[in-house]
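Presented below is the structure to which this report refers.
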Amino acid sequence: MPAHDPALLEWRSEFPILASTTYMNSNSLGAMPRGVYDEMKAFADLWATRGVRAWHEGWIDMVGEVANIYADVMNAPHGSVSMHQNVAIAQWIILSCFDFKGPRNKIVYTGMNFPSVMYIYEEQRRNGAEIVTVPSEDGIGIDLERLLNAIDDRTLLVPVSHVLFRSAYVQNARAIIEKAHAVGAKVILDTYQSLGCVPVDVKTLDPDFVVGGSVKWICGGPGAGYLYVRPELARTLEPACTGWFAHKKPFEFVPGKIDWAEPAHRFDNGTPHIPALYACRSGISIIREIGVERIRRNSLALTDRIIDRAEAKGFKLTVPRDHEHRGGTVAFDLPHAKQVAAEMLARDFVIDWRPQAGIRVSPHFYSSPEECDRVVDVIEEILETKAYEKHGEDLY
Ligand SMILES: Cc1ncc(COP(=O)(O)O)c(C=O)c1O
């Protein structure tokens, strides 16, 4: 059985918000590391003192530097990850490498994808794509056989989540990728809810693309999404969603058709989002230093503890019980859940509420076992005392 790793609590002092709250919201917005203050100051200082020279004295190199930290965390080779504002943009870059004019025009995805990774694909019908959505039967997971059977020799792309955002259900990425490759389809694995909490090893899994962002388990704040492309595939792709930073020599401003940079820069587009890269560097560096395998063992111990305590009190949970399928979040399906969440926030228990998911509680490596107990106890107390009644429909 995985056990709590008390040495991880030494990291608590690096996260200012832990001094004043029980912070269990890594499925939504991870806690800010203290190092972000220095990073943002370093960004401002370079700009203030060096002006336009900042590009060549740090800013350009840091795009690749941050991308390589992400690459380390997913066991990908350096030079295989590019940085983007968010997952939606990364999906568009991928999509723009393909068309749906030929017989292989099918996109297979699941009803539990994050909305960005649904809305964009649904819109591809206008470009000739056939969309197949595999629904969830229980609102928690996706039947693997049903998904595998939907992937056939007319399937071009399979954009799926590694960990489902509503229920934290871990999908069998390896089986999905193996089936897709066997029929010539490509998998776009959304690791937003796994990277930083559940191990992602691209050398073992061999996905074609991996997308995600910095906001959640990475503790990196908004704006530093990532895109990994399998190196042999990357050299063959030409994204129509492009810009001058994808050119081999961007600062020569050559007119006409683009001369593609080597991967991963060929997946860049316009001016990079430098402040967000500074902001995310502390969080992703901490995750790399601790190691995701260690974070995962600790996370399972903490979510076990929450589940055991919650079930002993008779709460209904929408979360996989087995470790193989459980991510880092425990979702509570409660009466008056939105108002209970509002009262928890008022008491500085930082969690969130989502439709069809309920109250989502996400301890991270810095969370203590006592905090896990308190989060369950406060829910019980709020329900028993009806303290939720003072809240209306607004959560924040
Ligand atoms: C699985 C998953 N994918 C994507 C996103 C976000 O997408 P974007 O970066 O486009 O905002 C989220 C959550 O915000 C998510 O949970």
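Within segment 162-187, restricting attention to residues that are within 12 Å of the ligand (Cβ to nearest atom) and more than 13 Å from the chain's Cα centre (by Cα), the residue that is surrounded by the fewest Cβ atoms within 10 Å (Cβ to Cβ) is GLN171.
Considering GLY270, GLY283, GLY256, GLY328, the condition of being part of a loop (DSSP other than H, G, I, E, B) and crowded, with 22+ Cβ neighbours inside 10 Å is satisfied by GLY328 alone. Against the definition (within 28 Å of GLU289 (Cβ to Cβ), more than 16 Å from the ligand (Cβ to nearest atom) and either over 17 Å from the mean Cα position of the chain (by Cα) or not in a strand (DSSP E or B) (or both)), how does TYR37 come out, yes or no? Against the criterion (within 28 Å of GLU289 (Cβ to Cβ), more than 16 Å from the ligand (Cβ to nearest atom) and either over 17 Å from the mean Cα position of the chain (by Cα) or not in a strand (DSSP E or B) (or both)), TYR37 qualifies. The set of residues in segment 377-392 that are in a helix (DSSP H, G or I) and not acidic (Asp, Glu) comprises VAL378, ILE379, ILE382, LEU383, THR385, ALA387, TYR388, LYS390.
Yes or no: ALA48 within 16 Å of the ligand (Cβ to nearest atom) and small (Gly, Ala, Ser)? When the stated conditions are applied, ALA48 does not pass them.
I'm checking my understanding of the structure. Among residues of segment 248-274 that are in contact with a helix residue (DSSP H, G or I) (Cβ under 6 Å, 6 or more places away or on another chain) and more than 24 Å from ASP208 (Cβ to Cβ), which one is modelled with the highest pLDDT? Out of the qualifying residues, it is ILE274. Filtering GLY196, GLY221, GLY225 for residues that are surrounded by fewer than 24 Cβ atoms within 10 Å (Cβ to Cβ), within 16 Å of the ligand (Cβ to nearest atom) and within 24 Å of VAL292 (Cβ to Cβ) leaves a single hit, GLY221. Scanning segment 305-315 for residues that are in contact with a strand residue (DSSP E or B) (Cβ under 9 Å, 6 or more places away or on another chain) and in contact (Cβ under 8 Å) with a residue 24 or more places away in the chain gives ILE306, ALA310, PHE315. Residues in segment 1-34 that are part of a helix (DSSP H, G or I) and of a type outside the set (Phe, Trp, Tyr): PRO6, ALA7, LEU8, LEU9, GLU10, ARG12, SER13, GLU14, PRO16, ILE17, LEU18, ALA19. Hey, does segment 356-368 have a residue that's in contact with a strand residue (DSSP E or B) (Cβ under 8 Å, 6 or more places away or on another chain) and modelled with pLDDT under 95? Looking through segment 356-368, at least one residue is in contact with a strand residue (DSSP E or B) (Cβ under 8 Å, 6 or more places away or on another chain) and modelled with pLDDT under 95. Using the structure shown, decide if ARG297 is more than 23 Å from the chain's Cα centre (by Cα), over 15 Å from ALA67 (Cα atoms) and touching a residue at least 24 places away in the same chain (Cβ under 8 Å). Considered against the rule, which asks whether it is more than 23 Å from the chain's Cα centre (by Cα), over 15 Å from ALA67 (Cα atoms) and touching a residue at least 24 places away in the same chain (Cβ under 8 Å), ARG297 comes out as no.
The values are calculated or read from the model by the stated rules, or taken from the named source; none is laboratory data. Only a predicted model underlies this, so the values are computations on that prediction, with no experimental measurement involved. Methodologically, a virtual Cβ is constructed for each residue, glycine included, from the backbone with ideal geometry; neighbour enumeration extends over all protein chains shown.
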